[in-house]
Amino acid sequence: MKNITLIGASGFVGTRLTGLIKKEFDLKIFDKQQSKFHPELVKIGDVRNQEDLDSELQGQDTVVLLAAEHRDDVSPTSLYYDVNVQGARNVLEAMDKNGVKNIIFTSSVAVYGLNKKNPNEEHPADPFNHYGKSKWQAEEVLREWHQKDPENRSLTILRPTVIFGERNRGNVFNLLKQIASGKFLMVGKGENKKSMAYVGNVVAFIKYQLENTKAGYQVFNYIDKPDFNMNELVGQVEKSLSKHIPSTHFPYWMGMLGGYCFDVLSFVTRKKFSVSSVRVKKFCATTQFDASKKLNCGFKAPYTLAEGLHNTLHYEFINTDKDDVTFVSE
């Protein structure tokens, strides 16, 4: 059995990944927070603490680095770089001290920036926010590490688009909740396409990479195709929930004006709101990415995008026994 440490795996993606692979690998979770679903596997620690990492990576074969500061409103912004960049350096130093030569790193399509035309993995980096910048800098740190011993080290970088799924409370859940409520306000014409990734497929892809680890460097965009535009997404919610969902369209300038108003209100009150100019801008942007490399690598996603949305919608808005639902084998 491979000895694998999942760093930052007490959260959404890590929990689903752990449930999928824990019977096949000797797992350890390293996280600053306890896992609600797999507490017996957790070693509490912080990627900013070198001593914690050094001791926990003893005897390990592979690291999956999931830990990240990723919210839109992290303060101070230096945390993005302390955790995402310096944290990656610390992990690599601990790996070197313990002879660990394999790492899978979850980056983000945020490294490409906004409104790029279907970028593939070779597209120039142009991140527009601190999250994207810190993820790109972390990638550079990892590539530099790999190049020091490319014949023996394995580096896989995964750049997922926005990940959604059961038990997630991120931007996609908030969007689906608004649509399902029937009080959804569409900013723009709704024709902008949104690349998305279902968590059940993302963790299956990570498992596939763990099962096929070999020396070398590879990077993959992860997107579940075909991409939906916003109008099609509303249609999928209607179909899955069997209900008509009216939507009111507002022009882009009006949506951005509302976002700026919430920015000012947040600054004055020191409170965080679900609406901001950054989130309106991201909502109206076309976030479409090329996934040809993933599609041609031999991996077969267990779910279609429509199935992933259907599963999520039923779990969140129809199923009443959420605590009885487990996600172990996909």
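Computed values, structure above
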item	result
Filter result for residue 94 (of a type outside the set (Ser, Thr, Tyr), crowded, with 20+ Cβ neighbours inside 10 Å, part of a helix (DSSP H, G or I) and touching a Lys or Arg at 6+ places or on another chain (Cβ under 9 Å))	no
Filtered residues of region 56-80 (kept if at pLDDT 95 or above, outside any loop (DSSP other than H, G, I, E, B) and out of contact with any Lys or Arg (no Cβ under 7 Å at 6 or more places or on another chain))	63, 64, 65
Residue count, region 139-169 (criterion: closer than 26 Å to residue 296 by Cβ and buried (at least 17 other Cβ atoms within 10 Å of the Cβ))	16
Any pair with Cβ under 6 angstrom, 6 or more apart, that starts in region 158-170 at a residue that is farther than 27 Å from residue 140 by Cα and of a type in the set (D, E, K, R) and ends at one that is modelled with pLDDT of 90 or more and not in a loop (DSSP other than H, G, I, E, B)	166/312; 166/315
Meets criteria (outside any helix (DSSP H, G or I), in contact (Cβ under 8 Å) with a residue 24 or more places away in the chain and either crowded, with 21+ Cβ neighbours inside 10 Å or touching a helix residue (DSSP H, G or I) at 6+ places or on another chain (Cβ under 8 Å) (or both)) for residue 119	yes
Yes/no for residue 79 being hydrophobic (A, V, I, L, M, F, W, C) and buried (at least 18 other Cβ atoms within 10 Å of the Cβ)	no
Region 190-211, residues that are touching a residue at least 60 places away in the same chain (Cβ under 8 Å) and more than 19 Å from residue 14 (Cβ to Cβ)	192, 193, 194, 195, 196
Residue 123, sole failed condition from (1) within 25 Å of residue 170 (Cα to Cα); (2) modelled with pLDDT of 95 or more; (3) touching a Lys or Arg at 6+ places or on another chain (Cβ under 7 Å)	(1)
Residue check, residue 237 among the hydrophobic types (A, V, I, L, M, F, W, C), buried (at least 18 other Cβ atoms within 10 Å of the Cβ), in contact with a Leu (Cβ under 7 Å, 6 or more places away or on another chain) and in contact (Cβ under 8 Å) with a residue 12 or more places away in the chain	yes
Residue list for region 1-44, restricted to those being under 21 Å from the mean Cα position of the chain (by Cα) and among the basic types (Lys, Arg)	16, 22, 28, 32, 36
Residues within region 184-202 that are within 15 Å of residue 252 (Cα to Cα), buried (at least 21 other Cβ atoms within 10 Å of the Cβ) and out of contact with any Pro (no Cβ under 9 Å at 6 or more places or on another chain), tallied	0
Criterion violated by residue 231 - all others in (1) without any contact (Cβ under 8 Å) to a residue 24 or more places away in the chain; (2) in contact with a Gly (Cβ under 6 Å, 6 or more places away or on another chain) satisfied	(1)
Filtered residues of region 291-330 (kept if at pLDDT 95 or above, assigned to a loop (DSSP other than H, G, I, E, B) and within 18 Å of residue 11 (Cα to Cα))	none
Count - residues of region 203-234 that are basic (Lys, Arg) and surrounded by 14 or more Cβ atoms within 10 Å (Cβ to Cβ)	2
For residue 297: the one exception among (1) over 30 Å from residue 159 (Cβ atoms); (2) touching a helix residue (DSSP H, G or I) at 6+ places or on another chain (Cβ under 9 Å)	(1)
Residues of region 278-321 that turn out to be β-branched (Val, Ile, Thr) and touching an Asp or Glu at 6+ places or on another chain (Cβ under 6 Å), as a count	2
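The values are calculated or read from the model by the stated rules, or taken from the named source; none is laboratory data. The structure displayed is predicted, hence computed values, not measured ones. Here Cβ is always computed from backbone atoms with ideal geometry, including for glycine, and neighbour counts include all displayed protein chains.
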